[in-house]
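Encoded as structure tokens, the structure appears first; notes follow it.
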Amino acid sequence: MKFSSTAVNLLASASWVLGASLQQVSNFGTNPTSIQMYIYVPDKVATKPPIIVALHPCGGSATEWYSGTKLPSYANSRGFIVIYPQTTHYSNCWDVNNAGSLTHGGAGDAQGIISMVNYTLSKYGGDGTKVYVMGASSGAMMTNVMVGSYPDVFEAGAAYSGTAFACFAGSKGDPTPFGSNQTCAQGLQHTPEQWAQFVYNAYPGYTGRRPRMQVIHGLADTLVRPQCGYEQLKQWSAVLGVSSTKNVTGASVPEGSAYTQMVYGDDGSKLVGYFGQGVGHFAPPNEPVMLRFFGLLS
């Protein structure tokens, strides 16, 4: 059968339309809080693809966060898979205060997210050593929760305008920066050792490797105060056993001259912070910087 040039063009257009898109997944495993799973699988998936969990901010959704970063474009070129969890509870904010999510093997939103990861690893033959998590605002808070409660699952995380692991622990009411309990979002402080103990308590007896962390925060953030970023660095520096070695300001910082880079350890490969002058809530994701930290971009 011979196709006309018009028919060929129509078929090509149809192929493009039917290409990779955000898809909802049902029945992905244990899901105690009935959160939803969406996934982006590029047309060309890498062999043993890495997986990134991308967590939306308060009031957001999976579809909005899918459009809110350039991760799908990088997934197309690098072959990794992106999971977009979605919650409709607490004004679409994650449950960063409940014991279930703050405990390894507990319940809460965290267990549902882990089920999504396990489903994706199994269905697509993913690389279990290359699972990452990122998020903004409430999603950044949940990023800290995931790497704290499940260090055996994640290789690294990136938190844009979040709070330390267990900062909202035990908080009554909505675990949101605009809720009735402002103690955490206004910059709750502990010593590095105290913050680290919260992480250790989440998974008693765990002696394996800990996820690397990238912390990004705006210095003009009045909703989740900049101190929250510094408290995260205190927490993960103690957990990862690295100390602050230098600050880099100006054009040499990847995000631009408005940011100061706080390097921990020899090269910041385990822990690094970025604080933006004049940047409010929330600090916008910089995909190349994040993906290089994850090891998914050279």
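Between ALA156, ALA164, ALA220, the GNM of the chain built on Cα springs shorter than 10 angstrom shows ALA220 fluctuating the most. Ordering GLY256, SER243, THR222 by the projection of their Cα atoms onto the charge dipole of the chain, which places +1 on the Cβ of Lys and Arg and -1 on the Cβ of Asp and Glu, puts GLY256 at the extreme positive end. Antiparallel DSSP bridges in the chain: what percent, to the nearest 5? Antiparallel bridges: around 45 percent, rounded to the nearest 5. Within the chain, the cysteines lacking any other cysteine Cβ closer than 4.7 Å to their own Cβ are CYS228. Between the listed residues TYR150, THR47, ALA164, the Cα displaced farthest toward the positive end of the dipole of the chain, a dipole computed from Cβ unit charges relative to the Cα centre, is found at THR47.
Near MET116, within a Cβ-to-Cβ distance under 11 Å, what is the net charge of the other residues, with Lys and Arg +1 and Asp and Glu -1? Intermediate values should be presented prior to the final figure.
Details: positive: LYS123; negative: ASP109.
For residues surrounding MET116, the net value is 0.
Rounded to the nearest 20, the Cβ-based charge dipole of the range 224-278 about its Cα centre (Lys and Arg +1, Asp and Glu -1) stands at 140 debye. Values (1) 7, 29, 35, 20, 5, 3, 1, 0; (2) 6, 26, 33, 20, 8, 4, 2, 1, 0; (3) 5, 22, 25, 18, 17, 11, 3, 0 are given for comparison; P(r) over Cα pairs in 10 Å bins from 0, in percent, derived from the coordinates here, is the one labelled (1).
How much net charge surrounds SER101 when only the other residues with a Cβ under 12 Å from the Cβ of SER101 are counted, with Lys and Arg +1 and Asp and Glu -1? Mind dumping the intermediate values first?
Details: positive: none; negative: ASP95, ASP109.
Net charge in that neighbourhood comes out at -2.
Summing +1 for each Lys or Arg and -1 for each Asp or Glu among the other residues whose beta-carbon sits under 11 angstrom from that of GLN227 gives 0.
Using Cβ contacts closer than 10 Å as the measure, can you line up PHE28, PHE165, PHE293, PHE275 from fewest to most?
Values: PHE28 19, PHE165 28, PHE293 22, PHE275 25.
Fewest-to-most Cβ neighbours within 10 Å comes out as PHE28, PHE293, PHE275, PHE165.
Rounded to the nearest 500, the helix-only mean residue ellipticity at 222 nm of the chain stands at -9500 deg cm²/dmol, with each DSSP H run of n ≥ 4 adding -39,500 (n - 2.57).
Extension gain for the segment ASP43 to LEU22, taken as residue separation times 0.36 nm less the Cα-Cα distance, is 6.4 nm to one decimal. Dipole magnitude for the chain: about 540 debye, using +1 per Lys or Arg Cβ and -1 per Asp or Glu Cβ, origin at the Cα centre.
Comparing mean-square fluctuations of ASP152, ASP109, ASP43 from a GNM of the chain with C-alpha springs under 10 Å, the top value falls on ASP43.
When the Cα positions of GLY125, PRO285, ALA107 are compared along the charge dipole of the chain, GLY125 comes out farthest toward the positive end, with charges on each C-beta of Lys, Arg, Asp and Glu.
A crude spin-label estimate for the pair SER77 and THR129, with each label 7 Å from Cα along the Cβ direction, gives 2.6 nm.
Coordinate-derived values only; no laboratory data. What you are looking at is a predicted structure, and each value in this text was computed from that prediction instead of being measured. Cβ: placed from backbone, ideal geometry, glycine included. Neighbour counts: every protein chain shown.
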